[in-house]
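Working notes, structure below.
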Amino acid sequence: MNIPENICKKCGFCCMEKLQTEKAILINKKRACKFLKKIDNNTYICSVYDKRLTEAPWCMSAVYAYDAHALPMACPYVEILGKDGYVGPRLPRDEEEEKLFKNTSIFHFMEDIKE
C-alpha cells in the first residue's frame, strides 16, 4: 500500500518512548528518538527524516509502526490503514502510570526531549 507521507501531523508520538503495561501502551512525552526535535509544544520533526531508515535503523515505516501499535489513535496513518481492532498508545492518565517510566530500561537511541 502506497501511503502519502505528507499526511503526518508531526505530533512526534510515534518516535517517543513507549511502555507496554497490562492495561495499555503508554507514551513517554519526556523521552524520544535522539533525532526527534521539538519545534513547539505540539510539533516535532525528525532531523534525519530523508535518511532515517539508514541513520536510525530502529525507525519504522508507517505500516510497520501501525502493525506494532506504535501510532496513536488520532494519527492520519491509522485513519488510512483502519481503526477496526487497532489499539494505539496513549499518554499516562495519572501519576501512577507516569511513575512506570522511572523504572524502565532505556533504549540507547532515546534521550530526554530538550525544551
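The values are calculated or read from the model by the stated rules, or taken from the named source; none is laboratory data. Predicted model, so just to flag it, every value in this text is computed and none were measured. With ideal geometry, Cβ positions are generated from the backbone for all residues, glycine too; neighbour counts draw on all protein chains shown.
List of remarks:
- All positions within region 1-11 that are basic (Lys, Arg) and either surrounded by 14 or more Cβ atoms within 10 Å (Cβ to Cβ) or modelled with pLDDT under 90 (or both): Lys9
- Number of positions in region 31-68 that are in contact (Cβ under 8 Å) with a residue 24 or more places away in the chain, surrounded by fewer than 13 Cβ atoms within 10 Å (Cβ to Cβ) and not hydrophobic (A, V, I, L, M, F, W, C): 2
- Breaking point among (1) farther than 20 Å from Ile3 by Cα; (2) at pLDDT 90 or above, for Thr21: (2)
- Any chance Lys9 is closer than 27 Å to Leu100 by Cβ, in contact (Cβ under 8 Å) with a residue 60 or more places away in the chain, assigned to a loop (DSSP other than H, G, I, E, B) and out of contact with any Asp or Glu (no Cβ under 7 Å at 6 or more places or on another chain): yes
- Any hit, region 73-83, residues being at pLDDT 90 or above, farther than 18 Å from Pro4 by Cβ and among the acidic types (Asp, Glu): no
- Residues satisfying the stated conditions in region 12-23, i.e. part of a loop (DSSP other than H, G, I, E, B) and either hydroxyl-bearing (Ser, Thr, Tyr) or surrounded by fewer than 20 Cβ atoms within 10 Å (Cβ to Cβ) (or both): Thr21, Glu22, Lys23
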